[in-house]
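*Asks:* One structure, as structure tokens, below. Some questions next.
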Amino acid sequence: MNTYKTPLRDIDFTLFELFDYSHHCRAIGQGSLDQGLVNALFDEAARFAEEVIAPLRAVGDEIGCEMNGGVVNTPPGFKEAYADYCSAGWPSLSRALAYGGQGLPQSLGVILSEIMGTPNWAWGMYAGLSQGAMHTIETHGTDEQKQRYLPSLISGRWTGTMCLTEAHAGSDLGLLRTRAVPQQDGSYRITGTKIFISSGDHDLTDNIIHIVLARLPDAPTGTRGISLFIVPKMLTSDDGSVTESNAVSCGALEAKMGIHGNATCLLNFDGAQGWLLGEVNKGLNHMFTFMNLARIGSGLQGLAHAELGYQVARRYARERLQMRSLSGVKNPQAEADPIIVHPDVRRMLFTQKSLVEGLRMLGYFASITMDLSQHAASAEERQKAADLLGLLTPIVKAFSTEAGFESANLALQCLGGHGYIREWGLEQNLRDCRIATLYEGTTGIQALDLLARKILGGGQGIETLTDEINRLCLSCNGDDQLAAHAEQLATLSLEWQTINQMIGARAQVNPDEIGAAAVDYLMYSGYLVLAFLWLKAERVAVQQLTEPVADAGFYHAKVATAHFYFARILPRTLSLVKAIESGAGNLMTLAGDNF
């Protein structure tokens, strides 16, 4: 039985109380978008997610996708749910007005993906990847390409994918071998094989628009010689009508640990007709438009599985009777107390709550910064936001997925043996979650991006963030508890700068110091950014509680969770610093054949 409920109260708090979304909308030219309209939008999205999408989660896992005679079929109910999703206009929410979109902020589209994805991530991926394809064509396409592809993508009539990975290359895209041979009519013939293509083929729509990385015959070696192409599954006429099949086929469906309801495909491009998207040999730069949005989306996947697991664990802990509280009977009417009274269960629930709500704040912080990078009033403000987004993106992607997996794992642990069986859905949740730390760049890849490029490479985002941290800490001096947490945060912020300098100096002597420190550094950065956000949330809650409020319990819970985070989660940074300080030497002492 589905019992998932969209956390609308926390979504509203995060958007409008923590980040003052009404002011944000005015700053990006969306002043007509008020709290009432946004909440009405999310209420309807929540209804759809709970009533239509959530019941398909177990079906998607148990039956999965199937390929028969070269045709890929999604699980029962997926196609009908997608048709209803498109009929309601959801795909067009944050897309360009000129091509049939509603023109609302990108941040609303990101939050919509959380609402639609949390109850059934495998289903949500079909729509989510299409958003990346639209965003990439909007940003880099010609007027003719926009006219040809965007209306059908925005309506949901077609979907889109991202085709990067090849079996021999993995994350080293400079090794890709897919070829693009120019034709006299201005198109290209694309030949090669891509693997791990999420939503790569399916029966939800009559066409799929693949965004494909390939190499021209005379291109430079490595990443400098990669170009980007639009390659549709079906060729179309000028009016968007499907005319004939292109030479793109699904060679196999991957047999996966989780997200069985999403078709993860091996795609063969056998001289398929494609069209250059953007500039020759700038394909990897252009594809980052898609990848960075997908990385924010992957971070939200960590949040989604954490939220889904937490809801089940919380409900179970309230209802499950087992043993008596060591501090005295709490439920004398029954033969045992509910397990939520036991300290270790509360530790697990509090950890989940602090991570779930913290990851939501982090994801929304990044999505709002994305809006500003595109639509802030001045070029200076847009660049400042872009730099901050560059810093936040690897943290959102990697930290959120690592913390989300931890939280999903704790949810299963709360149920004991009942968590390990299918009845409660938590073993599926954990399997579905596991991919999030792997695709769109593993945790290690994201950590190298953060440390090598965004920090040691001279990125400006850290200055913007530390300025915000300093202002927040100064604003908390009037309350003893807030001031204590602000002091913890300020100390860590200073330590962050010291760690940057230490790693930079060591890397001058031994470049392996960057790789040795990177993942620990990223996790340290994630815990620090969550501390910044939890202090902001605590300050809002404390201010609300200075006067009587109808939902005082909600704000008391925010304060209590902030206290837990600063007392029990933030100290994890101590061990991370010790690991970073230990250097690269202890990783290199063992010969490769002795592992």
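*Asks:* Looking only at the range 124-155, how many residues end up being small (Gly, Ala, Ser), over 21 Å from the mean Cα position of the chain (by Cα) and under 15 Å from Gly89 (Cα atoms)? Give the steps one after another, and end with the answer.
*Replies:* Applying the first criterion (small (Gly, Ala, Ser)) to the range 124-155 yields 124, 127-128, 130, 132-133, 141, 152, 155.
When the remaining residues are screened for being over 21 Å from the mean Cα position of the chain (by Cα), the result is 141, 152, 155.
Now restrict to residues that are under 15 Å from Gly89 (Cα atoms): 152, 155.
Qualifying residue count for the region: 2.
*Asks:* In this structure, is Gly170 on the phi > 0 side of the Ramachandran plot and at pLDDT below 95? Before you say what the answer is, go through the steps one by one.
*Replies:* Values: on the phi > 0 side of the Ramachandran plot: yes; at pLDDT below 95: yes.
Against the criterion (on the phi > 0 side of the Ramachandran plot and at pLDDT below 95), Gly170 qualifies.
*Asks:* Restricting attention to the range 248-277, which residues are more than 26 Å from Lys79 (Cα to Cα) and assigned to a loop (DSSP other than H, G, I, E, B)? Spell out the reasoning first.
*Replies:* Taking the range 248-277 as the starting set, the residues that turn out to be more than 26 Å from Lys79 (Cα to Cα) are 270-277.
Passing the criteria: only Leu277.
*Asks:* Out of everything in the range 570-588 that is under 14 Å from Glu513 (Cα atoms) and of a type in the set (S, T, N, Q), what residue ends up being surrounded by the fewest Cβ atoms within 10 Å (Cβ to Cβ)?
*Replies:* Asn586
*Asks:* Would you be able to tell me the number of residues in the range 437-458 that are under 18 Å from Lys384 (Cα atoms) and crowded, with 18+ Cβ neighbours inside 10 Å?
*Replies:* Final tally of qualifying residues: 3.
*Asks:* Based on this model, can you work out whether Leu204 counts as part of a helix (DSSP H, G or I), hydrophobic (A, V, I, L, M, F, W, C) and in contact with a helix residue (DSSP H, G or I) (Cβ under 7 Å, 6 or more places away or on another chain)? Please lay out each step first, then the result.
*Replies:* Working: part of a helix (DSSP H, G or I): no; hydrophobic (A, V, I, L, M, F, W, C): yes; in contact with a helix residue (DSSP H, G or I) (Cβ under 7 Å, 6 or more places away or on another chain): yes.
The answer is no for Leu204.
*Asks:* Return the residue satisfying two criteria in turn: it lies in the range 404-428 and is small (Gly, Ala, Ser) and under 21 Å from the mean Cα position of the chain (by Cα), and of such residues it is nearest to Leu362 (Cα to Cα). Please lay out each step first, then the result.
*Replies:* Filtering the range 404-428 for residues small (Gly, Ala, Ser) gives 404, 407-408, 411, 416-417, 419, 425.
Retained after the next criterion (residues that are under 21 Å from the mean Cα position of the chain (by Cα)): 404, 407-408, 411.
On the way: Gly404: 12, Ser407: 16, Ala408: 18, Ala411: 21 Å.
By that ranking, first place goes to Gly404.
*Asks:* Return the total of residues in the range 281-310 being among the basic types (Lys, Arg) and touching an Asp or Glu at 6+ places or on another chain (Cβ under 7 Å).
*Replies:* First, pick out the residues of the range 281-310 that are among the basic types (Lys, Arg): 282, 295.
If we keep only those that are touching an Asp or Glu at 6+ places or on another chain (Cβ under 7 Å) as well, we get 295.
Count: 1.
*Asks:* Still on this structure, I have one more. Which numbered condition trips up Asn285, out of (1) part of a helix (DSSP H, G or I); (2) without any contact (Cβ under 8 Å) to a residue 12 or more places away in the chain; (3) over 22 Å from Leu438 (Cα atoms)?
*Replies:* All conditions pass for Asn285, except number (3).
*Asks:* Now for a different question. So is Thr466 polar (S, T, N, Q), within 23 Å of Tyr565 (Cα to Cα) and in contact with a Ser or Thr (Cβ under 7 Å, 6 or more places away or on another chain) or not?
*Replies:* Numbers: polar (S, T, N, Q): yes; within 23 Å of Tyr565 (Cα to Cα): yes; in contact with a Ser or Thr (Cβ under 7 Å, 6 or more places away or on another chain): yes.
Yes, satisfied.
*Asks:* Among the hydroxyl-bearing types (Ser, Thr, Tyr), within 23 Å of Asp10 (Cα to Cα) and touching a residue at least 24 places away in the same chain (Cβ under 8 Å): is that true of Thr401 in this structure?
*Replies:* Values: among the hydroxyl-bearing types (Ser, Thr, Tyr): yes; within 23 Å of Asp10 (Cα to Cα): yes; touching a residue at least 24 places away in the same chain (Cβ under 8 Å): yes.
Yes: the conditions hold for Thr401.
*Asks:* May I ask you to list the residues in the range 184-242 that are touching a Leu at 6+ places or on another chain (Cβ under 9 Å) and β-branched (Val, Ile, Thr)?
*Replies:* Thr193, Ile195, Ile197, Ile209, Ile211, Val212, Thr223, Ile226, Ile230, Val242, listed by residue number.
*Asks:* Of the conditions (1) free of Cβ contacts under 8 Å to residues at least 24 places away in the same chain; (2) of a type in the set (Val, Ile, Thr); (3) over 28 Å from Pro105 (Cβ atoms), Thr369 fails just one. Which one is it?
*Replies:* Going through the list (1) free of Cβ contacts under 8 Å to residues at least 24 places away in the same chain; (2) of a type in the set (Val, Ile, Thr); (3) over 28 Å from Pro105 (Cβ atoms), Thr369 breaks only (3).
*Asks:* Something else: Could you give me the residue pairs with C-beta distances under 6 Å whose first residue belongs to the range 547-575 and is modelled with pLDDT of 95 or more, whose second residue is not in a helix (DSSP H, G or I) wherever it lies, and which are 6+ apart or on separate chains?
*Replies:* As it stands, the answer is Tyr555/Leu545, since those pairs meet every condition given.
*Asks:* Within the bounds of the range 175-193, is there any residue that is touching a residue at least 60 places away in the same chain (Cβ under 8 Å) and in a helix (DSSP H, G or I)?
*Replies:* So far as the range 175-193 goes, no, none of its residues is touching a residue at least 60 places away in the same chain (Cβ under 8 Å) and in a helix (DSSP H, G or I).
*Asks:* Let me ask you something else. Regarding the range 206-222, can at least one residue be identified that is of a type outside the set (Val, Ile, Thr) and over 15 Å from Gly283 (Cα atoms)?
*Replies:* yes
*Asks:* Okay, moving on. Is it the case that some residue within the range 346-368 is over 23 Å from Leu8 (Cα atoms) and crowded, with 23+ Cβ neighbours inside 10 Å?
*Replies:* no
*Asks:* Here's something else I'd like to know. What single numbered condition from (1) assigned to a helix (DSSP H, G or I); (2) surrounded by fewer than 20 Cβ atoms within 10 Å (Cβ to Cβ) fails to hold for Ala531?
*Replies:* (2)
*Asks:* Just one of the numbered conditions (1) assigned to a strand (DSSP E or B); (2) in contact with a Phe, Trp or Tyr (Cβ under 7 Å, 6 or more places away or on another chain) is not true of Ile154; which one?
*Replies:* If we test Ile154 against (1) assigned to a strand (DSSP E or B); (2) in contact with a Phe, Trp or Tyr (Cβ under 7 Å, 6 or more places away or on another chain), just (1) comes out false.
The values are calculated or read from the model by the stated rules, or taken from the named source; none is laboratory data. Only a predicted model underlies this, so the values are computations on that prediction, with no experimental measurement involved. Methodologically, a virtual Cβ is constructed for each residue, glycine included, from the backbone with ideal geometry; neighbour enumeration extends over all protein chains shown.
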